[in-house]
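Structure record follows, encoded as structure tokens.
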Amino acid sequence: MARAAREQWSTRAGFVLAAVGSAVGLGNMWRFSYLTAENGGAAFVLLYVAMTLLVGLPVLLAELVVGRGARQSPIGALARYGGSRWRALGFLFVAAGFLILAYYSVIAGWTVRYALVGLLMGFDGDAGERFGQLATGPRALFWHLLFMVLTAGLVMGGVRRGIERASLVLMPLLFAIVVGLAVYAATLPGAEAGYRYYFQPSFEELLDVRVLRDAAGQAFFSLSLGMGAMLTYASYLSRDTHLPAESAVIAGADFAVAFVAGLVVFPMLFAFGLEGEVGESTVGALFITLPHAFAEMGGAGRVVGIFFFVSLVVGALTSAISLFEVVVSSLMDAADFERAHASLLLGTVVALLGVPAASDLDVLGAMDTLAGNVLLLVGGLGLALFVGWRMDDPVAEAAAGASGIRWFGLWRRLLRYAVPAVLGLVLWFAREDTLGALAALAGAGG
Ligand code: TRP
């Protein structure tokens, strides 16, 4: 069957920017701050960094190697290197993609809404109450649907036109604003308590399995790992790329944004005395703290706030696009769907899946725990086993490229032993908590 030549990134920088665009999003801002708040601060941050280095980076490289090598969407790529039984892992990826995008889009919807609130009436000091009003219900649903329409529209535009341009323009702006806000936060009286919370770990929490699992989950979520998003992006790459270097750039940029976001949220949280409000609804940590800060800052705060939320919307879009690209390209490769048809069909399915998350914060939280902290880890574990054990040395070496001599051995050993051991243990020891989240989801649904 004659197929159009596979689309490709027009430049190497185009790929890196799109991968950074995928990595940097609500995960760095909303999710990182809420999990840090929920898991007691510095201990979580420390474990998140450790997990990124030990588990995140090797898996990121694995996704890039398999994607570039196979030049196919995840299901096909796994079958190509591993035989058709490994398709099952690809299906798990796609399932995780559906689930994550469904509630991700709800949160992105909050972000759109805050941008408009800032624009039309300015931010008000009663941030906790406002969050409660718009986080769920018909309004949340409306903005979720709008965001899905936008995402599907951009993915229909194809790899180059839609994605590359969007990533190129607004990511640097987002980073600049967040750095500016961190500087502002440092000038606030009472900020020290926030820094202490962010930087001084307590040792009991370091040993808590749930904190450990959430940290591993956050490392994966933030780097867009464990469900084939990076794999899919790398499938549009040409051969002459040095993947370890790309991985380091992607991970470095992603970490920088999350770290600075923490330097904004926690000093502000304590300086404005918002611990109570955030404690009741940790999921809203970012959305309660920042609007309050923008309100405190007066006229300038309104302008900064609008720019902040607008660029966060763009960050969310470039991430959502990568999630959606996985499910769309899977359908295109598996069933010979055209891009436009696949986007329309799957966009509708995701929009519907998001309805329960837009109706109930507990459902949203449980979906995030299960997909983000469990399914992604299972996916990453599967991929590590795949590249570590299923792919033979010569095959893996060829896929990784000859330039990989120096890092190749270490990388393979990490994928064979360290990554499966860490992920396996974390998933096993946190199993009760995971079952609890499942039960909560089932209870809320039925
Ligand atoms: N990493 C993105 C963020 O931080 C979200 C995201 C995009 C993602 N693609 C993904 C998460 C794939 C998990 C898997 O906002």
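The values are calculated or read from the model by the stated rules, or taken from the named source; none is laboratory data. A quick note: this is a predicted structure, and the numbers were derived from the prediction, not measured. Here Cβ is always computed from backbone atoms with ideal geometry, including for glycine, and neighbour counts include all displayed protein chains. When the accessible area is computed, the model is the full protein with side chains, heavy atoms only, and any ligands, DNA or RNA have been set aside. Shrake-Rupley method; radii C 1.70, N 1.55, O 1.52, S 1.80 Å.
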- Note on the structure: If unit charges are put on Cβ atoms (+1 for Lys and Arg, -1 for Asp and Glu) and the dipole of region 366-439 is taken about its Cα centre, the option from 426, 437, 396 lying farthest towards the positive end turns out to be 396
- Message: Using +1 at the C-beta of Lys and Arg and -1 at the C-beta of Asp and Glu, which of 146, 300, 93 has the Cα lying farthest in the positive direction of the dipole of the chain?
- Response: 93
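What ranking do 31-43, 190-202, 209-221 get when scored by the average of other Cβ atoms within 10 Å per residue, highest first?
Working: 31-43: 23.2, 190-202: 16.2, 209-221: 25.8.
Final packing ranking: 209-221, 31-43, 190-202.
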- Item | Listed residue (132, 115, 75) projecting farthest to the positive dipole end of the chain, Cβ model | 75
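Which of the three applies to region 140-245, rounded, prolate or oblate, going by the alpha-carbon gyration tensor with a ≥ b ≥ c and a/c under 1.5 meaning rounded? Display every interim value, and only then the final one.
Values: a/c = 1.88, a/b = 1.50, b/c = 1.25.
Prolate is the answer for region 140-245, as a/c is 1.5 or above and a/b outweighs b/c.
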- Message: Considering only C-alpha atoms, what is the centroid distance from region 373-446 to region 74-133, in Å?
- Response: 21
- Message: Rounded to the nearest angstrom and ordered from largest down, what semi-axes does the equivalent ellipsoid of region 316-356 get from its C-alpha gyration tensor (root of 5λ)?
- Response: 18, 13, 8
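Would you compute, from DSSP H runs of 4+ residues alone, the mean residue ellipticity of the chain at 222 nm, taking -39500 (n - 2.57) per run and dividing by the full residue count, rounded to the nearest 500?
On the way: 25 runs with 333 residues, N = 446.
That comes out to -24000 deg cm²/dmol.
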- Query: Which FRET efficiency value, to the nearest 0.05, do you get for residue 239 and residue 119 by plugging their Cβ-Cβ distance into 1/(1 + (r/R0)^6) with R0 = 30 Å?
  - Reply: 0.05
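When a/c reaches 1.5 or more, the comparison of a/b and b/c decides; with that in mind, is region 195-309 rounded, prolate or oblate per its Cα gyration tensor?
Values: a/c = 2.55, a/b = 1.49, b/c = 1.72.
Oblate, since a/c reaches 1.5 and b/c is not below a/b.
Looking at the calculated P(r) for region 13-445, what percent of the C-alpha pair distances fall above 44 Å? Walk me through the numbers before you get to the answer.
Details: 5893 of 93528 pairs.
Tail of the P(r) past 44 Å holds 6 percent of the pairs.
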- Work out from phi, with θ = phi - 60° and the Karplus expression 6.51 cos²θ - 1.76 cosθ + 1.60, the ³J(HN,Hα) of each residue of region 70-82, listed in order in whole Hz, and give x for Gly and Pro. 8, 6, 9, 5, x, 4, x, 5, 5, 5, 5, 8, x
- Gaussian network model of the chain, Cα within-10 Å springs - most flexible of 374, 350, 249: 249
- Note on the structure: Sorted largest first, the Cα spans of region 79-160 on the principal axes come out in Å as 57, 28, 19
- Per residue accessible area of region 1-159, 1.4 Å probe, in Å²: 34
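Using just the alpha carbons, could you tell me how many Å³ per residue the convex hull of region 302-376 encloses?
Values: hull volume 9.3 nm³, N = 75.
Each residue corresponds to 124 Å³ of Cα convex hull volume.
Given +1 on the Cβ of Lys and Arg, -1 on the Cβ of Asp and Glu, and no further charges, what dipole in debye does region 13-445 carry about its Cα centre, rounded to the nearest 20? All intermediate terms of the calculation are to be shown ahead of the outcome.
On the way: 24 positive and 30 negative charges, 267 e Å.
The calculated dipole for region 13-445 is roughly 1280 debye.
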